[in-house]
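Chemist: Handing you a structure now.
The values are calculated or read from the model by the stated rules, or taken from the named source; none is laboratory data. Worth saying up front: this structure is predicted, and the values here are computed from it rather than measured. Ideal geometry is used to build each Cβ from the backbone, glycine not excepted, and the neighbour counts take in all protein chains shown.
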Amino acid sequence: MKLLVCVSKTPDTTAKISFNAENTEFNAQGVTFIMNPYDEWYALVRAVELKEKHGGTVTLVNVGGADNDAVIRKGLAIGADDAIRVDMPSGSSLNVAKQIAAVAKDGGYDIVFCGKETIDYNGSEIGGMVAELCDLPFISYASSLEMDGTNATIARDIEGGKEVVEVATPFVVSAAKGMAEQRIPNMRGIMQARRKPIKVVPAVDAANASTIVGYEMPPAKAECKMIDPENMEELVRLLHEEAKVI
Amino acid sequence: MSVLVFAEQQGGELKKAAFEAVTYGKKTADVLGVDCKALVLGSASNAAELGKYGAAEVLTVSDASLDGFDGSVYTSAIAQAAEAAGASVVVLMHSAKGKDLVGRLAAKMDAGSAPGVNQLPTNDGAFRVKKNVFSGKAIAEIEISSANKVISVMGNSFQPEATGADAPVNELSVSLPAARISVKSVDKVTGSVPLPEAELVVSAGRGMKGPENWNIIEEMADILGAATACSRPVADIHWRPHHEHVGQTGVAIRPNLYFAIGISGAIQHLAGVNSSKVIVVINKDPEAPFFKAADYGVCADLFDVVPKLNEALKKFKAGA
């Protein structure tokens with residue numbers, strides 16, 4: 001099986017979020033960047049597990065500059081065989097998807113994996129876009145995936161439950177919690193990753209149909225009102241009369 | 001020109017989310033100075049009601065290939081309906097189906113998109129709309145420059161507003177591709193409120209000391225008609241099922257009321273719940289970071305406070 005895993009670079013989950021003076025750009029100073037957790041913990045690890053069980057190869061694809069290579073190396077250390085980086089600074093989601101779709105079409109992959117969303121822009125769009133651009137079925141928010149030959153049985157999260165679907169390769173899937181367990185790369189993996197190839201390819205021509213023109217911080221919360229633990233009637237009264245939520 | 005709203009039906013009926021979507025679509029159409037139309041895939045007994053929330057016309061597509069959910073079939077139907085309705089803006093809910101469709105539809109229509117917005121757009125020379133980013137730690141304003149635009153709206157951001165009368169419902173004839181995804185089973189958690197849609201959520205963490213102590217949390221959820229949730233560590237050690245895990249790497253929710261009981265409030269947990277309208281924190285540690293994000297706080301042992309709170313809630317419910 002030929003497996004392609006889309007990986008994105010995001011600020012660490014504990015990163016302090018700030019912007020430049022004009023509030024037009026993310027301030028990356030002092031921020032640690034990681035592989036988007038959904039891409040790493042669930043999509044990549046499940047792809048590596050499938051390769052270990054059924055054979056095949058796992059290729060990473062990332063859209064970004066050379067400063068993304070550290071994140072890509074981590075993916076190689078976890079168990080991917082090689083990587084393709086489309087050399088393009090960040091773009092709109094559709095632009096990025098067009099770059100990935102070009103790589104996906106070129107490689108003839110059986111399954112294209114991505115995370116359910118990135119933890120920075122929370123779009124959950126890339127998988128569906130790649131699927132449409134490649135005319136493939138797309139299963140979003142998958143929490144399990146089992147292969148039987150070329151047929152996959154996938155459980156996906158829906159409101160208040162799960163839906164189990166069947167689909168034949170090739171397809172695109174976005175991974176949510178439950179798909180796999182996080183893997184910490186071992187020393188052997190890290191050593192091997194240094195020798196694995198990262199192929200850098202030029203971007204295909206595509207426009208940005210949307211751009212972020214400004215950022216703001218959420219309005220500050222009013223001070224927390226502390227309630228006497230002996231007077232829960234007061235809390236109930238406030239929730240009913242002041243907050244009007246019960 | 002018009003705005004087309006995809007109104008999701010569930011089991012042949014439109015639920016609140018569909019009316020939220022049309023309310024948002026109508027307000028967006030007003031911003032643009034155009035009319036709003038709604039699309040129902042499959043049949044809905046109350047489709048005409050979408051008119052009350054602002055749809056000038058309701059289009060329906062009935063086709064057996066829409067019975068199971070295959071995003072490529074739905075995308076094809078929505079794109080054809082947008083063309084038939086003369087719509088360059090399509091509004092979806094950021095629901096399980098909406099999240100599946102938003103990217104696919106944007107690619108199909110070669111549209112700029114704004115997934116998961118929680119405010120109305122502005123159109124002063126440029127079409128702009130805001131959404132939460134960095135898991136709620138900031139807000140970004142997105143400008144969409146393409147002629148076609150696809151927007152998905154976070155649930156519980158806009159309450160349905162009924163102002164008009166029923167709208168005419170017209171069947172639309174489209175040609176759909178064959179489904180490639182077959183649905184084998186749908187397994188909904190029964191007997192409790194589904195977490196992503198819940199307006200009231202009671203959530204607990206490691207402060208509970210063990211899964212056997214959850215009865216007071218479940219009792220509280222029962223009294224309120226609330227959903228139960230939990231923090232990541234509690235799901236990871238299997239005190240509670242994974243689908244209850246809220247936070248940055250679990251489910252992100254935005255209920256009207258969120259009770260955080262025995263949860264310290266790690267930044268990753270806050271990221272998944274900070275869009276809640278009102279947050280109540282019960283924790284015995286006065287330094288718990290969650291108090292900084294809370295509207296109401298009770299600093300005491302939860303095993304003392306929660307039973308008292310349950311009694312007070314029961315009294316309130318009996319009197320209400």
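Chemist: Examine region A:97-117 for a residue that is assigned to a helix (DSSP H, G or I), touching a residue at least 60 places away in the same chain (Cβ under 8 Å) and in contact with a helix residue (DSSP H, G or I) (Cβ under 6 Å, 6 or more places away or on another chain), and state whether such a residue exists.
Modeler: So far as region A:97-117 goes, yes, one or more of its residues are assigned to a helix (DSSP H, G or I), touching a residue at least 60 places away in the same chain (Cβ under 8 Å) and in contact with a helix residue (DSSP H, G or I) (Cβ under 6 Å, 6 or more places away or on another chain).
Chemist: Sticking with this structure for a sec: Would you please name the residue that is nearest to A:F138 (Cα to Cα), looking only at residues in region A:164-178 that are facing chain B (nearest Cβ under 7 Å) and modelled with pLDDT of 95 or more?
Modeler: Looking at the filtered set, the residue picked out is A:V167.
Chemist: Suppose the filter is within 12 Å of chain A (Cβ to nearest Cβ), at pLDDT below 95, in contact with a helix residue (DSSP H, G or I) (Cβ under 9 Å, 6 or more places away or on another chain) and under 30 Å from B:K52 (Cα atoms); does B:V193 pass it?
Modeler: yes
Chemist: When you scan region A:180-202, do you find a residue that is touching a helix residue (DSSP H, G or I) at 6+ places or on another chain (Cβ under 6 Å) and either within 20 Å of B:G103 (Cβ to Cβ) or without any contact (Cβ under 8 Å) to a residue 40 or more places away in the chain (or both), even just one? Quick ask: steps written out before the conclusion?
Modeler: If we filter region A:180-202 for residues that are touching a helix residue (DSSP H, G or I) at 6+ places or on another chain (Cβ under 6 Å), which is where we start, we get A:180, A:182-183, A:185, A:189-190, A:193, A:196, A:198.
Okay, now just the ones that are also either within 20 Å of B:G103 (Cβ to Cβ) or without any contact (Cβ under 8 Å) to a residue 40 or more places away in the chain (or both), so none.
No, every residue in region A:180-202 fails to be touching a helix residue (DSSP H, G or I) at 6+ places or on another chain (Cβ under 6 Å) and either within 20 Å of B:G103 (Cβ to Cβ) or without any contact (Cβ under 8 Å) to a residue 40 or more places away in the chain (or both).
Chemist: Cβ-Cβ below 8 Å, separation at least six or inter-chain, first residue in region B:302-313 and touching a residue at least 24 places away in the same chain (Cβ under 8 Å) and at the interface with another protein chain (Cβ under 8 Å from one of its Cβ atoms), second in a helix (DSSP H, G or I) and among the β-branched types (V, I, T): which pairs?
Modeler: B:L309/A:V236; B:L313/A:V236; B:L313/B:I223
Chemist: Same structure again: Select from region B:96-120 the residues that are of a type outside the set (A, V, I, L, M), within 27 Å of B:G136 (Cα to Cα) and in contact with a helix residue (DSSP H, G or I) (Cβ under 6 Å, 6 or more places away or on another chain) and list them in ascending order.
Modeler: Of everything in region B:96-120, those that are of a type outside the set (A, V, I, L, M), within 27 Å of B:G136 (Cα to Cα) and in contact with a helix residue (DSSP H, G or I) (Cβ under 6 Å, 6 or more places away or on another chain) turn out to be B:D100, B:G103, B:R104, B:S113, B:P115.
Chemist: Follow-up question, since we're still on this one. Just the residues that are facing chain B (nearest Cβ under 7 Å) and either out of contact with any Phe, Trp or Tyr (no Cβ under 9 Å at 6 or more places or on another chain) or part of a loop (DSSP other than H, G, I, E, B) (or both), please, taken from region A:130-153. Let's see the steps before the verdict.
Modeler: The initial filter retains those residues of region A:130-153 that are facing chain B (nearest Cβ under 7 Å), namely A:131-133, A:137-141.
If the condition is that a residue be facing chain B (nearest Cβ under 7 Å) and either out of contact with any Phe, Trp or Tyr (no Cβ under 9 Å at 6 or more places or on another chain) or part of a loop (DSSP other than H, G, I, E, B) (or both), then A:L133, A:P137, A:S140, A:Y141 are the ones that fit.
Chemist: If you go through region B:198-213 one residue at a time, do you hit one that is part of a helix (DSSP H, G or I), in contact (Cβ under 8 Å) with a residue 12 or more places away in the chain, more than 9 Å from chain A (Cβ to nearest Cβ) and more than 27 Å from B:Q268 (Cβ to Cβ)?
Modeler: Within region B:198-213, none of the residues are part of a helix (DSSP H, G or I), in contact (Cβ under 8 Å) with a residue 12 or more places away in the chain, more than 9 Å from chain A (Cβ to nearest Cβ) and more than 27 Å from B:Q268 (Cβ to Cβ).
Chemist: Evaluate region A:231-244: report whether one residue or more is within 30 Å of A:K53 (Cβ to Cβ) and either at the interface with another protein chain (Cβ under 7 Å from one of its Cβ atoms) or in contact with a Leu (Cβ under 9 Å, 6 or more places away or on another chain) (or both).
Modeler: Looking for residues that are within 30 Å of A:K53 (Cβ to Cβ) and either at the interface with another protein chain (Cβ under 7 Å from one of its Cβ atoms) or in contact with a Leu (Cβ under 9 Å, 6 or more places away or on another chain) (or both), one finds none in region A:231-244, hence no.
Chemist: For the structure I just gave you, tell me whether A:E181 is modelled with pLDDT of 95 or more, surrounded by fewer than 16 Cβ atoms within 10 Å (Cβ to Cβ) and within 14 Å of chain B (Cβ to nearest Cβ).
Modeler: Here the answer is no, as A:E181 does not meet what is asked.
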